[in-house]
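Everything below concerns the one structure shown next.
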Amino acid sequence: MSERSTTEWDASGQLEVLTFDIGDERLAIEAVSIREILDLLPETRVPGAAALVASVVNFRGKIIPIADLRVAFGMPIQEATADNRIVVIETELDGEATQIGLRTDKVHEVTILERSRSSEPPVLGMRWRRQYVRELVRLAEEVVVIPDLANIFGAIPGTMPGATTSTLQH
């Protein structure tokens, strides 16, 4: 597994993010990565695909793989609710810009996180794989998790350096 990615804070130590929930956890993804926020769409299961990215949706004629971060974080899968959304992000996999939909329980807001309120994930006391968490940021009365998507998606067969993204795209 590769090293954790670094967060690209701006010159004033801030990061603009979209916050969302998965289970009881609040997560954040850099706002510049967000392409769309969609209501749930009919998903097509992909036989033989990794559990993390086991289905795709057809959005405006484009096939978008859907990732369930619950799988990466070992959380129980839950039935869909009216609050669920798909957050479509663009990230680089194998040197290629790839759009991936993240299934969320509830999308909150775009907000600013402060570097001064952040810390690396602890070595002990984490219920998740440490390499899947880039940083933890204190925000009001909660802790926001910035996931390390490069390490999460890099753990999928076919997305390691030198491989193709066909596992995600087909």
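The values are calculated or read from the model by the stated rules, or taken from the named source; none is laboratory data. As the structure is a computational prediction, the values presented were derived from the model and not from experiment. Ideal geometry is used to build each Cβ from the backbone, glycine not excepted, and the neighbour counts take in all protein chains shown. Accessible surface areas use protein heavy atoms only, side chains included; no ligands, DNA or RNA. Shrake-Rupley method; radii C 1.70, N 1.55, O 1.52, S 1.80 Å.
The numbered conditions (1) surrounded by 12 or more Cβ atoms within 10 Å (Cβ to Cβ); (2) touching a helix residue (DSSP H, G or I) at 6+ places or on another chain (Cβ under 8 Å) are all true for Val57 except (2).
Residue check: Pro65 meets all listed conditions (1) outside any loop (DSSP other than H, G, I, E, B); (2) within 20 Å of Glu142 (Cβ to Cβ) but one, namely (2).
When each of Ile100, Ile77 is tested for being surrounded by 18 or more Cβ atoms within 10 Å (Cβ to Cβ) and either of a type in the set (Val, Ile, Thr) or in contact with a Phe, Trp or Tyr (Cβ under 8 Å, 6 or more places away or on another chain) (or both), the lone residue that passes is Ile100. Of all residues in the range 1-31, those being more than 21 Å from Ile77 (Cα to Cα), loosely packed, with under 12 Cβ neighbours inside 10 Å and either of a type in the set (Asp, Glu) or touching a strand residue (DSSP E or B) at 6+ places or on another chain (Cβ under 8 Å) (or both) number 4. Within the range 1-13, not a single residue is among the aromatic types (Phe, Trp, Tyr) and closer than 22 Å to Gly154 by Cβ.
Against the numbered list (1) buried (at least 16 other Cβ atoms within 10 Å of the Cβ); (2) under 20 Å from Asp68 (Cα atoms); (3) touching a strand residue (DSSP E or B) at 6+ places or on another chain (Cβ under 9 Å), Ala155 comes up short only at (3).
Restricting to the range 70-114, what's the tally of residues that are closer than 17 Å to Val32 by Cα and touching a residue at least 60 places away in the same chain (Cβ under 8 Å)?
Taking the range 70-114 as the starting set, the residues that turn out to be closer than 17 Å to Val32 by Cα are 86-93, 96-102, 107-114.
Among the residues that remain, those that are also touching a residue at least 60 places away in the same chain (Cβ under 8 Å) are: 87, 89, 91, 93, 96, 98-102, 107-114.
So the answer is 18.
All conditions in (1) free of Cβ contacts under 8 Å to residues at least 60 places away in the same chain; (2) surrounded by 14 or more Cβ atoms within 10 Å (Cβ to Cβ) hold for Ala67, with the sole exception of (1). Within the range 104-135, restricting attention to residues that are modelled with pLDDT of 85 or more and more than 24 Å from Asp10 (Cα to Cα), which residue is least open to solvent (accessible area, probe 1.4 Å)? Only one residue fits best here, namely Thr104.
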